[in-house]
Amino acid sequence: MGEQGRYLPECPEMSEVVRKLTEEYGGHVIFSRESEVYIEVPRHELKDVAKYLYSSGAFLKTCAAVDERPLNRSFALYHIFGMDSKGYDVIVKVSAPEDDAWVPSTVDVVPAADWCELEARDMVGIELKGRRLVRRLVLPEDWPEDIHPLRKEVPHDFRPPSVKAESEFRPPERGIPIGPYHPVLHEPEYFELLVEGETVVDVYYRGFHVHRGIEKLGESPRFTYQKIPFLAERICGICGFVHSTCAIMAMEKAAGIRPPERAEFIRTIVLELERIHSHLLWVGVAAHVLGYDAGFMHTWRVREPVMILSELITGSRKTYGLNLVGGVRRDIDKDKMEKIMKTLDRVEKEFKELANLLVSVPQIRRRAQGTGVLTRSEARALSVVGPVARASGLYRDVRKDYPYLAYKEASFKVPLYTEGDNLARVLVRVEEVFESISIIKQLLDKLPGGPIMHEKCSAIIPVDELIPPGKYAVAAIEAPRGEDVHFLMTGEGRPYRWRVRAPTYQNIPALRPMLRGDPLADAPLTIASIDPCFSCTDRALVIDVRTGRARTIKLWDGGVGTCRL
Amino acid sequence: MSIMKLLSIAAKAKVVTRRYPFEPPVVTEGFRGKIEVDPKLCWGCGVCTRICPPNALTLKKREDGTLVLSYFMGRCIFCGMCAEVCPRGAITVTKEFELASLTAEDLVRDVKHDVVRCRICGRVIGPTVEIREATKSVGGAEAKYYDLCPECRKLVVARGIMTKVGVRP
C-alpha cells in the first residue's frame, strides 16, 4: 500500500498520468494506494486536466464536494476518473478558498459531470464558473438560498423554514407529464416530455423527491463505522447488499485490512444472487410495462425461490444484514450449499424456457426493437454504466475492469450488444442471469476454508480504532444496474465525508437521447429500460419540508413539490 | 405459437400462491424475526443499546428509580446484532414476524431493573444485578464498597488511609 505523498511506480500508465498531471498541470500527489492516486491540481487547470483524462480513455465516475473548512479553510471538489481499461482510479482534487468558493465547470468537456457539479453547488455551495445552465438539482425549490445541507455547520437534523419558490429552470413549452406518480415509475420522479405530434422532441427531468439524508446521517454522531453498513444497506431496496459491501470495501481500504478469503467468496456469491433476483424482477416489470402480464407473473414466480434462498443464507429476503467491516456474519455450510445448487439448477432451467418465450413474443420484439436507442458515442460521453452501457456496445463491467472480492476466481462472459435499443437491454440482462448462476456455481465449488471474519474485527470490537482519520478510499462494485461508487474520507470514529453514487444517477441523463425522436407510446418502456432506482439516486437530502399545501398547485411549482415528504 | 408455449409453462407450474394466512407462512431456518430479552439473564449493562443501528433498544432511567431496557419493534431492523454482542446471552432472535398491532404500546417490550444507589450521596450507580454480580467476581476488600459511587468511594478510601496514618481528615 502506498504512503502519503508517494505514488507506486509499478504501473507505467499510472505513472505517465501522474507525471503529466504533476509536471504539465502543476499538480501534486496527496495520497495513493494500489489502484488509486489522488492528485491536487490548481483550480484554473481543472478543465484542461479533465479534458486530457476524458480524452485518454477515462470515464467520470462522479465528483464529490467536501466542506473542508474545519481542516484547511477551503472547499474541495474531487473528480473521480476511472481508467477502466487499466483498472485504476485517478482522483483529481481542486480546492476553493472559503471566501472565494468557485470551481470551473467541466461540463463542456466532460458531459457526465453535469449532475454531480449541480449537486456540489446545491449541497456544499460551491459556485460553478463557465457553466451555461445552472439550476437546482437536488434541493427543492422552496429551500432557502444560503443553506447548504452538507456544510459542516448544518446539523444533521436541521429543518429550515420553507421559502417562496423561485429561480427554477423551466423549459419554455409545456409538455406531457409522466410522474411523480405513474405506474411505470415505482418511485416518485417527474419527467416532462415535449412532443411534436406523437414524437418526443425533448425531455425535462426533475427528481430527488425521495431524498433521505443518508450521507449526512453517516457523518453525524448518530452513526459509527460499525453501524454504517446497516445504513448503507437501506440506500436501495433491491441492491442493498451492493451498497453495504461497497461502503465496507471503502472502509476496509481505509483501515488497510483485507477480509478472509472465505468471507470474500460469500460476499461475491450473495452479490450475484442479488443480481439474479434484480434482473428477474426487471424482466418481469418490462413485460408488465408492455402489457404482457403473464410474462410478468411467471418471471416473478421463477424469482421467488431466489428470494427464499437469500433468506436462508443471510437471514432476510432483502436488507440482509450480513456484512460487517472485516468479514461476514454467517457462513455457508454443506447443507446450504446443496440447497443453493438445487435452487439455481431449477431457476436456470425455468428461466431459460421463459426467456426464450419472452423474447420470441412478436409484440414484445416489435415494441422493444429499435426503440429508445442510445448510441455508443452518447453512452461514452455520459459515462453510462451497467447493462445500459453494455447494450450500447460499451464494454464496461467493474467485475472485469477492477476485479474485486472473488471475481478473479470465476470465469464469465460479459454480454455485449451494439444495437443500443430496448431489446438489447433486455437481452443483456437475460444473459447476465445465466452468467451469474454460473459464477455462483463456480465459486461454491472453489469455496476456500478458514474463518469468515478478520482476526482484528468482530461484532463486539469497535472498528473505529482501525480506521484512522484523514484517509481516502474509493470503492466500486458492479451492481445489477451498473457501477456503484462509494467515496470515503475518514474522520474521527465516523466518515468525514461519505459520497454514494448509485448507478441510476449516471444513467438517467442518458434518457434524454434515448427518448428524443421516439413515439410517445414507447416512452414508458424506455424509461423502465434503464431499470431506474430512484431511492438510490436520491439519497442525500436532509428535508422534511411540507410544501405546496397552501398554494394553488400548478404543474411546475406545485406538482413537483407535493410528493415531497 | 407463443401462447401454446406459455400454456405449457403455466400447466407445469400449476398454482403456486399459498393460502396464507390460512396456512403457515414460508419461513426458512435462517430467518431473523423479532428479538426476545430474557429478564432473568439481562443485567441491564446496555451493550446492546450501543450496537443497535436504528436505536430500537434503549436504556432509560425512570423517575421511580428503576432502569428500563426498552425494545421498540417499530424501529427494529431485525439484524440481530444485539444478540451477537450480549455478554449474558440474554437476547434471542426468534422467527416471529407477524407483529402488526393497533396500538404502538404493543410493540414495546420493557425489562425493568432495580438500581443500587450510593449510600452516601444517593446517586444511581447502576443496575442491582450487574453491581451484585460484578462485586462477586471482584471479591475481597473491594466488595464492601459496592454501594458507593466512584466519587464517594474515593473520599471514603482517602479518609480510611488518612485515619490509618494518623492525619485528621
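The values are calculated or read from the model by the stated rules, or taken from the named source; none is laboratory data. Note that the structure is predicted; figures quoted are calculated from it, not measured. Positions of Cβ are generated from backbone atoms using ideal geometry, with glycine treated the same way; all protein chains shown enter the neighbour counts.
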Pick from the stretch A:72-99, criterion without any contact (Cβ under 8 Å) to a residue 24 or more places away in the chain and farther than 19 Å from A:Tyr25 by Cα, ranking: surrounded by the most Cβ atoms within 10 Å (Cβ to Cβ)
A:Asn72
Which members of the stretch A:291-302 meet the condition of being more than 10 Å from chain B (Cβ to nearest Cβ) and crowded, with 23+ Cβ neighbours inside 10 Å?
A:Thr299
Please find, within the stretch A:490-517, the residue that is farthest from A:Val289 (Cα to Cα) out of those that are surrounded by fewer than 21 Cβ atoms within 10 Å (Cβ to Cβ) and among the charged types (D, E, K, R).
A:Glu492
Can you pull out every residue in the stretch B:95-106 that is within 18 Å of the chain's Cα centre (by Cα) and surrounded by 13 or more Cβ atoms within 10 Å (Cβ to Cβ)?
B:Lys95, B:Glu96
Which one of these is within 11 Å of the chain's Cα centre (by Cα) and either more than 21 Å from A:Gly321 (Cα to Cα) or among the small types (Gly, Ala, Ser) (or both): B:Leu41, B:Leu57?
B:Leu41
Given (1) within 18 Å of the chain's Cα centre (by Cα); (2) in contact (Cβ under 8 Å) with a residue 24 or more places away in the chain; (3) under 24 Å from A:Glu219 (Cα atoms), where does A:Tyr38 come up short, assuming only one miss?
(1)
Take the stretch B:32-58 and flag every residue that is under 19 Å from B:Ala134 (Cα atoms) and either assigned to a strand (DSSP E or B) or within 10 Å of another protein chain (Cβ to nearest Cβ) (or both).
B:Val47
Filter the stretch B:61-110 down to the residues that are more than 14 Å from every other protein chain (Cβ to nearest Cβ), of a type in the set (A, V, I, L, M, F, W, C) and assigned to a strand (DSSP E or B), then identify the one that is nearest to A:Glu233 (Cα to Cα).
B:Phe72
Enumeration of residues in the stretch A:51-70 that are in contact with a Leu (Cβ under 8 Å, 6 or more places away or on another chain) and not aromatic (Phe, Trp, Tyr):
A:Cys63, A:Ala64, A:Ala65, A:Val66, A:Asp67
Can you name the residue in the stretch A:313-339 that is surrounded by fewer than 21 Cβ atoms within 10 Å (Cβ to Cβ) and closer than 20 Å to A:His279 by Cβ and is also farthest from the other protein chains (Cβ to nearest Cβ) among such residues?
A:Lys318
Residues in the stretch A:451-461: is at least one more than 25 Å from A:Thr62 (Cβ to Cβ), part of a loop (DSSP other than H, G, I, E, B) and of a type in the set (S, T, N, Q)?
yes
For the stretch A:228-253, give me each residue that is within 14 Å of chain B (Cβ to nearest Cβ) and not in a helix (DSSP H, G or I).
A:Glu233, A:Arg234, A:Ile235, A:Gly237
Is it the case that A:Ala479 is at pLDDT 90 or above and at negative phi?
yes
Looking at the stretch A:50-61, which of its residues are closer than 29 Å to A:Ile257 by Cα and part of a loop (DSSP other than H, G, I, E, B)?
A:Ala58
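Quick one: how many residues across the stretch A:48-71 are surrounded by fewer than 20 Cβ atoms within 10 Å (Cβ to Cβ) and either of a type in the set (Lys, Arg) or within 19 Å of A:Arg501 (Cβ to Cβ) (or both)? Steps first, please.
We begin by selecting, within the stretch A:48-71, every residue surrounded by fewer than 20 Cβ atoms within 10 Å (Cβ to Cβ); these are A:48, A:51-52, A:55-57, A:69-71.
Next, only the ones that are either of a type in the set (Lys, Arg) or within 19 Å of A:Arg501 (Cβ to Cβ) (or both) stay: A:51, A:69.
Summing the residues that are surrounded by fewer than 20 Cβ atoms within 10 Å (Cβ to Cβ) and either of a type in the set (Lys, Arg) or within 19 Å of A:Arg501 (Cβ to Cβ) (or both) in the stretch A:48-71 gives 2.
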Options A:Glu350, A:Glu378; residue that is more than 30 Å from A:Thr224 (Cα to Cα) and at pLDDT 95 or above:
A:Glu350
Answer with yes or no whether A:Glu465 is in the same structural domain as A:Arg380 (by TED's automatic domain parsing), within 25 Å of A:Glu261 (Cβ to Cβ), free of Cβ contacts under 8 Å to residues at least 40 places away in the same chain and assigned to a helix (DSSP H, G or I).
yes
Within the stretch B:11-31, count every residue that is at the interface with chain A (Cβ under 7 Å from one of its Cβ atoms) and not in a loop (DSSP other than H, G, I, E, B).
1
Within the stretch A:436-451, is even one residue farther than 23 Å from A:Phe265 by Cα and surrounded by fewer than 20 Cβ atoms within 10 Å (Cβ to Cβ)?
no
Restricting to the stretch A:148-173, what's the tally of residues that are among the charged types (D, E, K, R) and at pLDDT 85 or above?
5
With surrounded by 21 or more Cβ atoms within 10 Å (Cβ to Cβ), in the same structural domain as A:Ile527 (by TED's automatic domain parsing) and under 24 Å from A:Val285 (Cα atoms) as the only criterion, which of A:Val398, A:Val388 stands out?
A:Val388
Taking the stretch A:112-136 and keeping residues surrounded by fewer than 22 Cβ atoms within 10 Å (Cβ to Cβ) and either among the basic types (Lys, Arg) or in a strand (DSSP E or B) (or both) leaves A:Glu127, A:Leu128, A:Lys129, A:Arg131, A:Arg132, A:Arg135, A:Arg136
Are any residues in the stretch A:14-49 of a type in the set (Asp, Glu) and either closer than 23 Å to A:Lys471 by Cβ or part of a strand (DSSP E or B) (or both), and if so, which ones?
A:Glu34, A:Glu36, A:Glu40
Among the residues of the stretch A:190-227, the number that are away from every other protein chain (no Cβ under 13 Å) and under 17 Å from A:Thr504 (Cβ atoms) is 12
